[in-house]
Amino acid sequence: MYAYSLGLGPVVANASRMALHQQYVASNLCKQVINGSLVEGCPNGLITLTGRTPGITDWQIWEMASYNHATLALHMGGSAATSLGKYEASATSWSQRINDQWSTAGLKDTAGYPTCTSHYGYHMISWHTPLALSGQQANLQEGNASLTFSPRVPRPFTLPVLLPGVIGLLTADASASVTLSISSVNSLTPLALSHVGVDTATASYAKPVVLRPGMNLTWAYPIAAAL
């Protein structure tokens with residue numbers, strides 16, 4: 001997952017092995033505990049600790065599993081709707097069941113309630129999923145910086161743009177245009193890009209493109225380039 005986010009691509013030589021792993025996770029870890037028994041369904045995410053005598057640390061959910069599975073599925077060509085199914089289940093257990101999205105636990109049971117620690121960092125792995133959705137790749141090398149996207153969702157879409165100190169949106173309408181909007185830049189040195197593009201559509205603006213708050217960069221995005 002880290003390799004994909006960094007633009008290195010797959011690190012497993014045999015891609016079919018990763019595909020088999022993904023299939024196994026989806027088929028065997030989408031379980032929940034009902035009346036002391038493990039049954040089908042994962043309304044709050046994929047279980048991680050399995051195969052031992054049930055105890056307080058078994059049949060539990062570590063938040064990383066669902067997010068990793070969704071992110072890898074997107075990078076491996078899965079549809080957004082299918083890939084995000086179990087991601088949504090895990091993420092919303094805090095915001096919709098516990099009603100405290102800032103107190104993520106290290107472990108939770110399959111009913112979605114915390115069992116170990118609080119304010120844990122496992123939810124941070126979820127930041128890789130928006131990068132996979134937008135296909136964002138950034139090279140911030142000074143003098144040769146670039147920002148490209150390969151969206152995994154059909155048009156129209158609105159996707160987050162996440163860079164160090166920079167927050168924005170990538171928006172495509174139903175026609176043939178795409179817009180990069182920058183809402184916040186928290187940096188003493190504005191980021192200057194030598195190349196900005198979506199799929200094969202390159203922004204035809206004077207270079208470098210300097211990312212500033214309130215900036216809107218719109219250019220043609222061929223219909224053929226969309227999924």
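Residues Ala65, Ala70, Ala132, Ala111: which one is in contact (Cβ under 8 Å) with a residue 40 or more places away in the chain, part of a loop (DSSP other than H, G, I, E, B), more than 24 Å from Ser204 (Cα to Cα) and of a type outside the set (Val, Ile, Thr)?
Ala111
Does at least one position in region 193-214 carry a residue that is basic (Lys, Arg) and without any contact (Cβ under 8 Å) to a residue 60 or more places away in the chain?
Yes, that holds for at least one residue.
So, Thr50, is that one over 29 Å from Leu8 (Cα atoms) and surrounded by fewer than 21 Cβ atoms within 10 Å (Cβ to Cβ) or not?
yes
Regarding Ser16, is this residue in contact with a Gly (Cβ under 7 Å, 6 or more places away or on another chain) and not in a loop (DSSP other than H, G, I, E, B)?
Here the answer is no, as Ser16 does not meet what is asked.
Quickly run through region 82-120 and pick out the residues that are charged (D, E, K, R) and within 22 Å of the chain's Cα centre (by Cα).
Lys86, Glu88, Arg97, Asp100, Lys108
Would you call Ala81 modelled with pLDDT under 90, of a type outside the set (D, E, K, R) and exposed (fewer than 12 other Cβ atoms within 10 Å of the Cβ)?
Yes, satisfied.
Being within 16 Å of Thr92 (Cβ to Cβ) and in a strand (DSSP E or B) is the filter here; which residues of region 114-127 pass it?
If the condition is that a residue be within 16 Å of Thr92 (Cβ to Cβ) and in a strand (DSSP E or B), then Pro114 is the only one that fits.
The values are calculated or read from the model by the stated rules, or taken from the named source; none is laboratory data. What you are looking at is a predicted structure, and each value in this text was computed from that prediction instead of being measured. A quick note on method: Cβ atoms are made from the backbone with ideal geometry, for glycine too, and the neighbour counts reach across all protein chains shown.
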